[in-house]
Amino acid sequence: MSEFVPHAYQERVIERMLRQERLGLLLDPGLGKTPTTLEAFRRLHAVCEAARLLVVAPLRPAYTVWPEEARKWAQFRHLKVHVLHGKGKTEAALEEGVADVYVINSEGLGWLALQRWRWPDMLAVDESTKFKRLSAQRSRLLRQTLRHVPRRHIRTGTPAPNGIEDLHGQINILDDGLALGRKMKDFREKFCAPVPVGDNRWEWVVRESQIPEIYRRIEPLVVRLDARDYLELPEKVVTEVVVDLPSKARALYDTLREELVIELNEGSVVALNAGSLTAKCRQVANGTVYLSDDGEVSSRSERRSAQIHAEKTNALSELVEELGGKPVLVAYEFQHELPAIKQALRGIVGGEVPHLGGGVSAARGVELERAWNAGRLRVLLVHPQSAAHGLNLQAGGAHIIWYSLPWDLELYDQLNGRLWRQGQQAERVFIYHLVARRTIDGIVSRALRRKAASQDALCQALRGPDE
């Protein structure tokens with residue numbers, strides 16, 4: 001068992017965590033946020049300034065990253081880590097002496113708030129962008145916890161994936177609203193302006209003149225580190241693979257976009273609002289669409305789908321074959337796309353194609369992560385919601401294909417960061433986008449670039465000189 005020896009940049013972060021009770025760790029994937037946090041807690045624990053650490057994390061990292069990092073390094077071997085989920089979520093687990101580090105996902109916070117126990121004095125909120133909206137249920141549950149814990153830290157490499165407004169809920173975790181306002185209403189009145197976006201519709205947009213003021217207010221509360229400044233990272237190569245829709249699919253796409261409804265042999269496809277239209281157009285562009293019943297979407301358990309075309313699955317198959325056996329991650333969006341994708345790739349891989357997404361247990365996820373890193377999987381299908389955070393996949397390959405791009409920059413960056421990170425042995429990481437020509441795919445691609453530019457400006461402003 002080796003000793004964790006912090007890099008110089010990690011040591012600076014640790015020292016700041018020791019002297020500053022509230023701090024946001026805006027560190028890129030691969031910079032070692034987890035061992036850095038554990039080392040800060042270990043030092044505080046040793047001088048009796050922190051007896052317990054509570055970690056709020058997505059479920060998969062809760063089961064894998066935190067317990068494994070504690071077991072990995074010699075100086076953490078005395079720290080007892082307990083995951084408060086499933087069979088581990090018991091009142092007995094909260095008794096004195098059971099654990100030093102408790103890890104829980106946001107859904108368990110309601111249960112935790114009802115328990116009578118000695119609350120931890122240190123909190124680490126992993127992937128804090130999940131708490132960017134104070135109105136969300138998970139944020140309301142977290143607020144019940146905050147009043148018990150004086151020392152708070154948030155951790156993310158993508159602090160503002162959809163715009164600067166994403167900072168509001170996260171910074172609130174640290175300062176209870178002093179910098180950016182206690183409520184979103186306060187934030188908007190101070191920093192935003194209403195902009196018309198349609199008939200009797202308005203959208204709050206951050207005023208350009210207020211952006212420097214937002215930076216100034218949050219700068220004392222965060223530390224920003226860019227992986228490119230501290231790690232030898234491989235070159236990142238992004239390639240767009242354009243797919244042309246067949247004439248019939250093109251006609252159906254255009255009709256759906258203009259009339260909000262199309263009729264198929266299998267049934268109707270109805271878009272009830274703008275959000276539904278966006279999703280339906282994405283599905284048609286991908287090749288398979290959920291059907292609607294009498295204008296209403298069927299319940300999740302009864303959903304039926306119909307195949308419109310196979311151009312994207314064909315392009316995917318061709319690209320996987322062109323890679324000549326090199327392992328590849330394939331990111332998908334909709335559950336109903338899995339059968340068509342698996343069928344298209346089954347002949348290439350010579351058997352079943354595994355996937356990591358909804359319905360896959362944490363234990364199975366660990367198995368797939370290990371199999372991928374051991375080089376036993378030629379293709380692994382991954383859903384960004386399940387695989388973007390916490391997994392280390394850089395040992396298994398250097399290619400990722402986006403069957404469908406997400407709107408969310410955080411999911412996009414984080415999933416790419418599973419491969420483009422420290423420990424990647426390849427000289428280049430290849431990222432492929434399958435984009436249907438003249439469809440919403442192009443709009444999503446441009447939106448991602450716009451969001452990336454906004455976040456890059458924020459991160460650049462917060463970097464500052466080395467401490």
(message) Any residue at all in the range 420-439 that's closer than 19 Å to His336 by Cβ and surrounded by fewer than 23 Cβ atoms within 10 Å (Cβ to Cβ)?
(response) yes
(request) Output the residues belonging to the range 7-17 that are surrounded by 16 or more Cβ atoms within 10 Å (Cβ to Cβ) and either of a type in the set (A, V, I, L, M) or within 24 Å of Asn172 (Cβ to Cβ) (or both). (result) Val13, Ile14, Met17
(request) Taking the options Arg118, Arg140, Arg147, Arg133, name whichever one is in contact with a Gly (Cβ under 7 Å, 6 or more places away or on another chain) and of a type in the set (Lys, Arg). (result) Arg133
(request) With a cut-off of at least 2 residues that are closer than 27 Å to Asn314 by Cα, name the helices (runs of 4 or more DSSP H) lying wholly within the range 183-281. (result) 247-259
(request) For the range 346-371, name all the residues that are closer than 15 Å to Val320 by Cβ and buried (at least 22 other Cβ atoms within 10 Å of the Cβ). (result) His355
(message) Suppose we filter Glu302, Glu318, Glu322 for residues that are among the acidic types (Asp, Glu), surrounded by fewer than 19 Cβ atoms within 10 Å (Cβ to Cβ) and modelled with pLDDT under 90; which single one remains?
(response) Glu302
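Only one of Arg22, Arg52, Arg42 is surrounded by 17 or more Cβ atoms within 10 Å (Cβ to Cβ), among the charged types (D, E, K, R) and under 24 Å from the mean Cα position of the chain (by Cα); which?
Working: Arg52 fails: under 24 Å from the mean Cα position of the chain (by Cα); Arg42 fails: under 24 Å from the mean Cα position of the chain (by Cα).
Going through Arg22, Arg52, Arg42 in turn, the sole match is Arg22.
Conditions tested, residue by residue: (1) closer than 18 Å to Pro67 by Cα; (2) touching a helix residue (DSSP H, G or I) at 6+ places or on another chain (Cβ under 6 Å); (3) of a type in the set (A, V, I, L, M).
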residue: Gly347; (1), (2), (3): no, no, no
residue: Glu352; (1), (2), (3): no, no, no
residue: Gly357; (1), (2), (3): no, yes, no
residue: Val360; (1), (2), (3): no, no, yes
residue: Gly365; (1), (2), (3): yes, yes, no
residue: Arg370; (1), (2), (3): yes, no, no
residue: Ala374; (1), (2), (3): no, no, yes
residue: Gln385; (1), (2), (3): no, no, no
residue: Leu391; (1), (2), (3): yes, yes, yes
(message) Given the criterion touching a residue at least 12 places away in the same chain (Cβ under 8 Å) and either farther than 22 Å from Thr36 by Cβ or surrounded by 20 or more Cβ atoms within 10 Å (Cβ to Cβ) (or both), identify the matching residue among Leu141, Leu79, Leu114.
(response) Leu141
(message) Between Glu165, Glu189, Glu203, Glu208, which is surrounded by 20 or more Cβ atoms within 10 Å (Cβ to Cβ) and in the same structural domain as Glu49 (by TED's automatic domain parsing)?
(response) Glu165
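The values are calculated or read from the model by the stated rules, or taken from the named source; none is laboratory data. From a predicted model like this one, the values you see are computed outputs, not experimental measurements. Positions of Cβ are backbone-derived with ideal geometry, glycine not excepted, and every protein chain shown enters the neighbour counts.
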